[in-house]
Amino acid sequence: MKALRIIFLTAAFSAYILSWAQTGRSAYDFIDIPTSSHAFALGGTNIALIDDDVTLAQENPALLGPEIDRQTTLSYMRYFGSANFAGARFGMAAGEHGAWAIGIRYLNYGEISGYLPDGSSSGSFSPSDVVFEGTYSHDFTDRLRGGINLKFVYSGYEQYTAFALAADLGLNYYDDERDLSLSVVFKNMGGQLKRFEEKYDRLPFDIQLGFMKGIGESPFSFGITAFNLTKWHLPYYSHINEGGDQDMELKSNFGSDLFRHLIFCAQYMPSERFYLDIAYNYKTRTDMSTYQRNFLSGFSAGFGIKVRTFSVGLAYAMPHKSASTLLLNLGLNIGELLQ
């Protein structure tokens, strides 16, 4: 067990060092679009949420466990414009202390008109991305669990195609008596195997920390997720008015940079069969200040219901000032159905 921890931490630390040597903006930010409506309702990223939900393996592979036995989930998201995202995931126990899962995500961005350099039309095309995933987790102790998630990514944009391989490494510590969950995840380690053209595009490597805590014996809990920890300064542009004319101002200070790394969330869960979530993502809020944000930008909410072996989750967010996003999960616990 000690050797496994050493290997895990060494691999994660090595990936962290290598990430600092990469330059340029990632072309694979879509990898982090959640398929879990529960995580989406809690701000779009949550790596410390304890729930019998196989889709949470995308957030943190250490959230997968033997308690998720023969569970399958379908996900659908209506994104900006005509973009549609769909996914499916299946997970089951691997002995008393392990679990595995497989999944696929399909992201279609709708029909786009193509043009040649001289301005003439070249017809239309539908860019898309496909992510194949495999996850394994193992209990090191009664409270500590580790996991790895491997992702094979295919992108097809008109005549251009690319392949990439990525991995997530996660740890979760959960104290059931105190209802306390702590997590760390090293996300999207890897790179392109086949590039679009001359240059290789990097993956959006990230280090994330997560905290969830129940409030006494009440059905309420709260949490904080820290993300984008490989880069401290996160400046953004905001509108200013001078003499009635609109202009842009670059904002960056300690307080702004700190809160743009944090997501705050709260959950009401009176029973294992129902939950209600709300969250605030300050980075999303301030990103939308460039576009004169809507009041709801940065906020997200959702709920979930479990009836016997069937579950439904629905989450809402407004990541853009004029675009609302809904994410739907439909789950079936085959293990309970066969009992």
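The values are calculated or read from the model by the stated rules, or taken from the named source; none is laboratory data. Worth saying up front: this structure is predicted, and the values here are computed from it rather than measured. All Cβ positions, even for glycine, are placed from backbone atoms using ideal geometry, and neighbour counts span all protein chains on display. Protein only, heavy atoms only, side chains kept; ligands, DNA and RNA dropped before computing areas. Shrake-Rupley method; radii C 1.70, N 1.55, O 1.52, S 1.80 Å.
Of all residues in region 221-248, those that are open to solvent by 70 Å² or more (accessible area, probe 1.4 Å) have Cβ atoms under 8 Å from Cβ atoms of residues that are basic (Lys, Arg) and modelled with pLDDT of 95 or more, 6 or more apart or on another chain, in Phe222/Lys213.
Within region 143-190, the residues that satisfy the criterion of being charged (D, E, K, R) and either in a strand (DSSP E or B) or buried (at least 18 other Cβ atoms within 10 Å of the Cβ) (or both) are Arg145, Lys151, Asp168, Asp175, Lys187. Summed over region 33-50, the residues that are under 24 Å from Lys283 (Cβ atoms) and open to solvent by 10 Å² or more (accessible area, probe 1.4 Å) give a count of 7.
Just one of the listed residues (Tyr28, Tyr16) is modelled with pLDDT under 95, more than 14 Å from Phe227 (Cβ to Cβ) and surrounded by fewer than 19 Cβ atoms within 10 Å (Cβ to Cβ), namely Tyr16. May I ask you to verify whether Ser82 is within 30 Å of Lys194 (Cα to Cα) and free of Cβ contacts under 8 Å to residues at least 12 places away in the same chain? In short, no. For region 248-285, filtered to residues that are within 19 Å of the chain's Cα centre (by Cα) and among the hydroxyl-bearing types (Ser, Thr, Tyr), the residue that is nearest to Phe310 (Cα to Cα) is Tyr280. Among the residues of region 287-311, those that are open to solvent by 50 Å² or more (accessible area, probe 1.4 Å) and either under 22 Å from Tyr275 (Cα atoms) or modelled with pLDDT of 95 or more (or both) comprise Leu296, Phe299, Phe303, Ile305, Lys306, Val307, Arg308, Phe310. Among strands (runs of 3 or more DSSP E) entirely within region 62-114, having at least 1 residues that are in contact with an Asp or Glu (Cβ under 9 Å, 6 or more places away or on another chain) and of a type in the set (Gly, Ala, Ser) singles out 84-93, 98-108.
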